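Each remark here refers to the structure printed beneath this line.
The values are calculated or read from the model by the stated rules, or taken from the named source; none is laboratory data. Keep in mind that what you see is a predicted model, and the values were worked out from it rather than measured. Cβ placement follows ideal geometry from the backbone for every residue including glycine, while neighbour counts extend to all protein chains displayed.
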Amino acid sequence: MDIFNLIFSFLYQFGDAFAFLVLSACGLAVIFGMMGVINLAHGEFIMCGAYVSTSAVHAGLPLPLAIVAGAVAAGIAGMIVELLVIRPLYQRPLDTIVATWGISMIVTQGTLIVLGPSMQGVGTPFGSFTMGGYSYSVYRVILMIAAIGTLALLWLMFTRTRFGLLSRATIQVPHVAEAMGVNTNLIYSVTFGLGAGLAGLAGGLYAPTMTLVPTMGASFMVEAFVTVVVGGADIFLGTAPAAAILGVIKAALTGWQGQLAGQIGLLIAVIIVIRILPRGISGKILKERA
Amino acid sequence: MLIKSRSAVSALGVLLLAGAAFGQDAEPIKLGVLEDQSGDFALATIGKVHAIQLAAEEINAAGGIDGRPLELVEYDTQSDNTRYQEFMRRVLQRDQVDAVFAGFSSASREAYRPIVNQFDGLAFYNNQYEGGVCDANMIVTGAVPEQQFSTLLPYMIENYGPNVYTIAADYNFGQISAEWVRNIVAENGGTMVGEEFIPLGVSQFSQTIQNIQAAKPDFVVTLLVGTAQASYYEQAGAANLGLPMASSVNVGQGYEHKRFTPPSLKDMYATVNYVEEIDSPASKEFVEKFRAKFPDEPYINQEASNSYAAVYLYKQLVERAKSTELADIRKVIAEGDVCVDGPGGQMCIDPKSQHVSHTIHLAHVTDDHSVEFPTKWEAIQPYWLGQAGCDLTVSDPSEQYTPSNPPPANG
């Protein structure tokens with residue numbers, strides 16, 4: 001029984017770390033992997049999702065709908081940002097880093113000025129369950145399911161829909177896709193919106209468990225970047241396995257020596273991966289395939 | 001264009017009139033205000049800036065300090081230690097301020113303190129902290145561990161049991177405060193069953209909560225700093241951790257009980273020298289004046305009260321010294337009777353350490369997140385530095401000491 005509890009508690013902690021890594025990274029991975037844009041405003045799309053979904057709950061919407069509303073709002077915000085700021089910079093990927101960083105600062109400070117230093121949370125729903133002397137939050141299990149569900153939906157979207165086909169064509173050889181009649185501008189815009197929407201989804205899902213402040217996005221950024229760097233450009237071959245490996249490292253080290261060890265472990269993993277797999281896990285897999 | 005220049009002229013007129021009220025030779029006293037108005041700490045520190053503005057407005061309306069108006073020179077330090085260093089040089093060198101009110105995190109204070117020493121300035125640190133700064137250029141109006149923990153921990157051990165688990169922010173504040181907790185818990189017959197340091201900016205606590213459950217403490221000492229770490233309460237509540245909590249830093253600073261949904265902060269005990277719920281005439285008057293000037297202020301916290309009282313302490317020091325020179329001001333401090341009645345109780349400067357005595361209130365957050373005060377301790381002295389051997393009336397080491405690194409015996 002004790003062994004069973006030990007395994008369960010490790011699996012729970014692993015799932016918790018995995019869900020956080022996947023959800024915080026997949027928006028960043030879509031935008032980076034598909035478009036080569038390093039989006040430093042990623043955290044602010046997360047914050048946007050969290051704020052919109054929380055406001056929606058305060059306005060009386062049920063939580064699942066509010067989370068969807070948060071994701072949609074962040075997605076629309078992403079498409080607007082793409083149109084106004086990112087589009088002129090596609091040939092200058094380094095400049096997009098500076099531009100998105102600027103957006104991040106403007107949004108953080110703007111939110112502080114307009115909405116004040118914090119927003120009243122909604123509280124974590126569903127309560128807790130007990131197993132072998134430990135009590136666990138039910139909502140965290142839902143976050144794990146949401147992470148897996150998000151990956152599954154993304155996979156279906158990119159492999160089974162016309163949008164997936166067109167976007168993969170656009171990303172692979174943009175000029176040929178354009179010559180075949182694909183509206184590549186639209187594809188870029190929707191892809192960026194999808195990435196921002198995924199960030200908003202992460203924000204909406206985590207909003208009930210966190211303190212809502214204008215700088216909240218920053219606490220997702222380390223995990224998001226670590227996962228994308230380890231995973232490489234492909235979300236399915238990269239982000240998902242990277243999150244799984246990092247989740248094991250983080251859960252094991254945090255359980256053994258506390259949060260500091262967990263953070264150090266994540267960063268050491270990145271250094272090792274960059275050294276031996278400069279294009280991440282997916283770069284390695286794709287190279288072997290080719 | 002005409003309208004613009006006309007309004008500029010009338011603005012100038014208003015300025016001249018305002019100046020005239022203070023007489024001809026009333027050169028303003030300049031007060032530098034370096035506080036975090038953006039970034040991770042802004043939530044707890046915007047109120048400090050407002051409190052200083054409120055005090056300055058009151059003092060100017062009543063004729064200024066010794067007939068001279070008080071002028072604030074404000075910079076936003078953005079929760080960033082290097083900004084503190086930049087702006088501290090700027091206020092002391094370029095703006096030539098007479099005193100500076102600066103700093104929230106202990107890391108920022110230690111970042112700017114050498115610069116204050118270098119220019120021999122006077123800085124007020126209006127924040128509760130881990131204690132131990134023995135520096136003649138600093139006046140500390142916040143509460144320190146011997147004031148907060150020597151009251152809080154015996155109460156918790158007596159009421160809940162001897163087994164203690166500490167989670168603390170991993171920088172100088174959290175590390176040194178945790179050392180204080182260890183010592184005072186041991187002195188009171190308690191046992192540390194666990195301790196974990198959390199890097200600033202961490203927001204996910206699932207594993208930490210499980211580590212606490214495994215150690216089975218009677219209560220948890222939370223020394224969490226910054227808005228990201230405050231997510232702990234929501235997550236511990238959702239996992240039904242259900243343990244009483246004790247803190248020197250939460251509730252009084254980041255008003256977590258207002259921001260989170262009840263009952264996630266149920267049975268949190270914090271020793272504070274002020275929070276807006278304190279039910280005394282002085283506190284009520286302060287809240288009323290504050291809300292009249294800043295109606296949207298989300299919460300009036302302990303550090304806002306410290307900052308407000310500190311302006312009045314400075315006023316008294318300058319008026320009694322008849323000078324803004326540090327040496328003259330320190331002669332007044334050495335007399336040992338510099339006191340003001342702050343919103344939370346009387347505050348007197350201790351000449352040896354240049355820290356301040358406080359009325360310490362025990363704030364208890366109930367399950368609906370209202371605050372009750374089971375007890376309070378009057379005139380609690382910042383005794384540790386003086387007893388350990390820091391005496392600023394004799395020498396100025398400009399050091400920060402800790403229980404494991406006390407002042408040298410003959411210092």
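Scanning region A:81-113 for residues that are in a helix (DSSP H, G or I) and polar (S, T, N, Q), we see that the one that is nearest to the other protein chains (Cβ to nearest Cβ) is A:109.
Yes or no, residue by residue, for (1) exposed (fewer than 15 other Cβ atoms within 10 Å of the Cβ); (2) in contact (Cβ under 8 Å) with a residue 12 or more places away in the chain; (3) at positive phi:
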residue: A:126; (1), (2), (3): yes, yes, yes
residue: A:137; (1), (2), (3): no, yes, no
residue: A:147; (1), (2), (3): no, yes, no
residue: A:156; (1), (2), (3): yes, no, no
residue: A:171; (1), (2), (3): no, yes, no
residue: A:194; (1), (2), (3): no, yes, no
residue: A:201; (1), (2), (3): no, yes, no
residue: A:214; (1), (2), (3): no, yes, no
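All of (1) part of a helix (DSSP H, G or I); (2) under 22 Å from residue A:15 (Cβ atoms); (3) at pLDDT below 90 hold for residue B:212 with one exception: (3).
Results for (1) closer than 21 Å to residue B:60 by Cβ; (2) part of a helix (DSSP H, G or I), shown as yes or no for each residue.
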residue	(1), (2)
B:278	no, no
B:285	yes, yes
B:317	yes, yes
B:327	no, yes
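Can you tell me which residue within region B:200-246, out of those that are charged (D, E, K, R) and more than 7 Å from chain A (Cβ to nearest Cβ), is nearest to residue B:270 (Cα to Cα)?
Narrowing region B:200-246 to residues charged (D, E, K, R): B:216, B:218, B:234.
Right, trim to more than 7 Å from chain A (Cβ to nearest Cβ) and you get B:216, B:218.
Values: B:216: 21, B:218: 16 Å.
The residue in question is B:218.
Do we find that residue B:18 is aliphatic (A, V, I, L, M), modelled with pLDDT of 90 or more and more than 28 Å from residue B:249 (Cβ to Cβ) in this structure?
Numbers: aliphatic (A, V, I, L, M): yes; modelled with pLDDT of 90 or more: no; more than 28 Å from residue B:249 (Cβ to Cβ): yes.
It is false that residue B:18 is aliphatic (A, V, I, L, M), modelled with pLDDT of 90 or more and more than 28 Å from residue B:249 (Cβ to Cβ).
Scanning region A:1-36 for residues that are surrounded by fewer than 22 Cβ atoms within 10 Å (Cβ to Cβ) and closer than 30 Å to residue A:174 by Cβ yields one hit, A:36. Looking at region A:209-223, is at least one residue assigned to a helix (DSSP H, G or I) and more than 14 Å from chain B (Cβ to nearest Cβ)? Among the residues of region A:209-223, not one is assigned to a helix (DSSP H, G or I) and more than 14 Å from chain B (Cβ to nearest Cβ), which makes the answer no.
You will find that of A:116, A:78, the residue that is within 14 Å of chain B (Cβ to nearest Cβ) and either free of Cβ contacts under 8 Å to residues at least 24 places away in the same chain or under 16 Å from the mean Cα position of the chain (by Cα) (or both) is A:116 and no other. Annotation: of all residues in region B:179-199 being assigned to a loop (DSSP other than H, G, I, E, B) and more than 30 Å from residue A:216 (Cα to Cα), the one that is nearest to the other protein chains (Cβ to nearest Cβ) is B:190.
Of all residues in region B:287-298, which are assigned to a helix (DSSP H, G or I) and either charged (D, E, K, R) or within 20 Å of the chain's Cα centre (by Cα) (or both)?
As a first pass, look at region B:287-298 and keep what is assigned to a helix (DSSP H, G or I): B:287-293.
B:287, B:288, B:289, B:290, B:291, B:293 - these are the residues of region B:287-298 that are assigned to a helix (DSSP H, G or I) and either charged (D, E, K, R) or within 20 Å of the chain's Cα centre (by Cα) (or both).
From B:368, B:391, B:396, which residue is surrounded by fewer than 21 Cβ atoms within 10 Å (Cβ to Cβ) and either free of Cβ contacts under 8 Å to residues at least 40 places away in the same chain or not in a loop (DSSP other than H, G, I, E, B) (or both)? Steps first, please.
Numbers: B:368 fails: either free of Cβ contacts under 8 Å to residues at least 40 places away in the same chain or not in a loop (DSSP other than H, G, I, E, B) (or both); B:396 fails: either free of Cβ contacts under 8 Å to residues at least 40 places away in the same chain or not in a loop (DSSP other than H, G, I, E, B) (or both).
Every option except B:391 fails the conditions.
Candidates are the residues of region B:51-72 that are in contact with a Lys or Arg (Cβ under 9 Å, 6 or more places away or on another chain) and surrounded by fewer than 18 Cβ atoms within 10 Å (Cβ to Cβ); the one that is farthest from residue B:295 (Cα to Cα) is B:66. Residue by residue through region B:230-270, note down the ones that are among the charged types (D, E, K, R) and assigned to a loop (DSSP other than H, G, I, E, B). Correct list: B:266, B:267. When the residues of region B:106-146 are filtered to those that are in a loop (DSSP other than H, G, I, E, B) and hydrophobic (A, V, I, L, M, F, W, C), the one that is surrounded by the most Cβ atoms within 10 Å (Cβ to Cβ) is B:143.
The condition of being modelled with pLDDT of 85 or more, closer than 16 Å to residue A:147 by Cα and among the aliphatic types (A, V, I, L, M) does not hold for residue A:89.
Pairs linking a residue in region B:297-316 that is assigned by TED's automatic domain parsing to the domain that holds residue B:248 to a residue that is part of a helix (DSSP H, G or I) and not aromatic (Phe, Trp, Tyr), with Cβ atoms under 6 Å and 6 or more positions apart or on different chains, do not occur. Pairs are defined by a Cβ separation below 6 Å, a sequence spacing of at least 6 or placement on different chains, a first member in region B:94-109 that is basic (Lys, Arg), and a second member that is at pLDDT below 95 and crowded, with 23+ Cβ neighbours inside 10 Å; the pairs so defined are B:109/B:103.
Test residue A:177 against the criterion of being farther than 30 Å from residue B:241 by Cβ, surrounded by 15 or more Cβ atoms within 10 Å (Cβ to Cβ), small (Gly, Ala, Ser) and away from every other protein chain (no Cβ under 14 Å), and give yes or no. When the stated conditions are applied, residue A:177 passes them.
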